[in-house]
Amino acid sequence: MVTLREQSVYESILLRIRFLESRSVRRWGKMTAPEMVCHLTDSFRGVLGEKQVSPATGLLGSAPGRLIFKWGALYAPIPWPPNVRSRPEVEQGKGGTPPGDFEVDRKALIAAIDRFRAAEQLLQNVSHPIFGRLTFEEWQRWGYLHADHHMRQFGS
């Protein structure tokens with residue numbers, strides 16, 4: 001299972017972030033590259049308890065829904081599909097942090113990923129807004145898949 005815990009995977013994601021340009025063109029969705037960088041940072045900050053993110057409700061918040069979506073997102077051997085909705089607190093144009101200086105925002109994303117990779121104790125007591133409780137390894141899998149999804153969105 002590919003995760004951010006693996007040094008080579010982590011370095012690959014960092015390289016892709018560093019090659020991203022503020023004017024990179026999206027392949028799908030509405031976000032610009034600077035907005036996507038802020039979205040990823042907000043997502044990692046939410047997991048770390050640095051930004052409030054509401055839990056999903058309805059089918060996504062039910063035990064069966066959590067189990068199905070967790071398995072599909074973390075274990076299915078297919079890339080995440082385009083245009084999956086985010087929680088409003090990390091969605092651009094709603095509660096997400098608006099972009100500022102691209103280089104500052106890029107550094108903030110890398111710093112958030114570094115804190116996330118080092119937060120094993122913290123992550124044992126955190127619930128994902130959709131998937132519920134995750135192991136540290138599952139969190140690292142989620143972190144990789146989320147970053148990879150958005151890097152692919154911009155061809156990186």
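Just a few scattered comments:
- Checking the stated criteria, residue 95 turns out to be within 17 Å of the chain's Cα centre (by Cα), open to solvent by less than 60 Å² (accessible area, probe 1.4 Å) and more than 18 Å from residue 150 (Cα to Cα).
- Lone unmet requirement of (1) within 26 Å of residue 5 (Cα to Cα); (2) surrounded by 14 or more Cβ atoms within 10 Å (Cβ to Cβ); (3) small (Gly, Ala, Ser) for residue 76: (2)
- Counting the residues of the stretch 89-136 that are aromatic (Phe, Trp, Tyr) and out of contact with any Leu (no Cβ under 8 Å at 6 or more places or on another chain) gives 1.
- Number of the exception - residue 23 against (1) touching a Ser or Thr at 6+ places or on another chain (Cβ under 9 Å); (2) under 22 Å from residue 144 (Cβ atoms); (3) open to solvent by 80 Å² or more (accessible area, probe 1.4 Å): (2)
- Residue within the stretch 39-61 that is over 14 Å from the mean Cα position of the chain (by Cα), over 20 Å from residue 124 (Cα atoms) and touching a residue at least 40 places away in the same chain (Cβ under 8 Å) present: yes
- Where residue 67 falls short, out of the listed (1) hydrophobic (A, V, I, L, M, F, W, C); (2) over 17 Å from residue 148 (Cα atoms); (3) not in a helix (DSSP H, G or I): (3)
- Scanning the stretch 146-156 for residues that are open to solvent by 20 Å² or more (accessible area, probe 1.4 Å), within 18 Å of residue 110 (Cβ to Cβ) and not charged (D, E, K, R) yields a total of 1.
- Identity of the residue in the stretch 2-20, more than 17 Å from residue 106 (Cα to Cα) and under 17 Å from the mean Cα position of the chain (by Cα), that ends up surrounded by the most Cβ atoms within 10 Å (Cβ to Cβ): 4
- Taking first residues from the stretch 84-101 that are at pLDDT below 90 and partners that are among the polar types (S, T, N, Q) and open to solvent by 50 Å² or more (accessible area, probe 1.4 Å), the Cβ contacts under 7 Å between residues at least 6 apart in sequence or on separate chains come to 89/52.
- Filter pass, residue 116 being under 16 Å from residue 49 (Cα atoms), among the aromatic types (Phe, Trp, Tyr) and over 14 Å from the mean Cα position of the chain (by Cα): no
- Residues in the stretch 98-142 that are of a type in the set (S, T, N, Q) and crowded, with 20+ Cβ neighbours inside 10 Å: 140 only.
The values are calculated or read from the model by the stated rules, or taken from the named source; none is laboratory data. Here the structure is a predicted model, which means the values were calculated and not measured. Cβ atoms come from the backbone with ideal geometry, glycine included; neighbour counts cover every protein chain shown. Heavy atoms of the whole protein, side chains included, go into the accessibility calculation; ligands, DNA and RNA do not. Shrake-Rupley method; radii C 1.70, N 1.55, O 1.52, S 1.80 Å.
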